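Enquirer: First the structure, then my questions, so here it is.
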Amino acid sequence: MELDILNGVHELFHGYAWLNYAMKYISALAAGGAISIAACALLLVFRPTRRCGLAMAVALVLDVLVVNVLLKNIVGRERPWTHEELSWAQGFYAQYGVELSLDYCFPSGHTAVTFCAAAVLVAFYGAKGAPAAVLAFLIGLSRVYLAEHYVSDVAAGMAIGTLCGVAGYYIYRALEKKALEFYARRKYYFKTRAFKVRLPRRRGRGSLSSLSGLFF
């Protein structure tokens, strides 16, 4: 059934070169989690968005563990283009220079990592994070369009990536709360230590420096 969907996409849309290139480059945005990692790094640079960047970092690490380390290897699903029913795939990839992913395909890593980042942005900024969700959807669509994934791979990537994003957000909030509580309990100690560090050292009695101070 899912192979029929991919063959249908090929027959209906792959005759449009501009669309093929567009989907190729949209998909490439998430290669290796590039766009999500770049967004996280950018958020960490600026103070007003640093909390969101930290939450996104937690979420992305969780996403990699769940998707790439666990699920892909446990399920072990082969890529659609490895099936004889998609005999056109290799020629299509060669014609448009599509870089093939060689790992297992369930769930879609491209989709999961972008939905993960989008979920964190929506959690922090509400509707302002909607463009990230739209881009994540387009990336997921491009993975089916290019026959790199089955529809179920992408659907699972959307769900799992979103869950990892939400979980990462709440994990970060819990860690942040613990850190603030710890600081509140130890605030006086930290301030005292900082004050002592700033104090100038007293010169010892009878030292050469104190003697020189008497004459000069």
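No lab work stands behind these numbers, since they all come straight from the coordinates. Predicted model, so just to flag it, every value in this text is computed and none were measured. Neighbour counts run over all protein chains shown; Cβ positions are idealised from the backbone, glycine included.
Enquirer: What's the whole-number percent of alpha carbon pairs in region 2-177 lying beyond 28 angstrom?
Expert: Beyond 28 Å sits 25 percent of the P(r) for region 2-177.
Enquirer: A follow-up question, please. Counting alpha carbon pairs within less than 8 Å and at least 6 residues apart, what relative contact order, in whole percent, applies to region 2-177?
Expert: 32
Enquirer: Just to verify a number: FRET efficiency for A34 and A94, C-beta to C-beta distance, R0 = 22 Å, to 0.05?
Expert: That pair, A34 with A94, gives E of 0.40.
Enquirer: Additional query: Any idea what angle helix 50-63 forms with the longest principal axis of the chain, computed on alpha-carbon atoms, 0 to 90 degrees, nearest 10?
Expert: Once rounded, one gets 50 degrees.
Enquirer: Among 22-32, 49-59, how do they line up by average Cβ neighbours within 10 Å per residue, starting with the highest?
Expert: Going by the mean number of other Cβ atoms within 10 Å, highest first, we get 49-59, 22-32.
Enquirer: Of F115, F13, F106, which is the most mobile in a GNM of the chain whose springs link Cα atoms less than 10 angstrom apart?
Expert: Most flexible of the set in this elastic network: F13.
Enquirer: Sticking with the crude label model, points 7 Å out along Cα→Cβ, report the distance from L180 to E11 in nm, one decimal please.
Expert: Each label point is offset 7 Å from its Cα along the Cβ direction, giving 5.8 nm.
Enquirer: Right, next: Residue by residue through region 121-126, what is 3J(HN,Hα) from phi via Karplus (6.51 cos²θ - 1.76 cosθ + 1.60, θ = phi - 60°)? Round to whole Hz and write x for glycine and proline.
Expert: After applying 6.51 cos²θ - 1.76 cosθ + 1.60, I find 4, 5, 4, 8, 10, x Hz.
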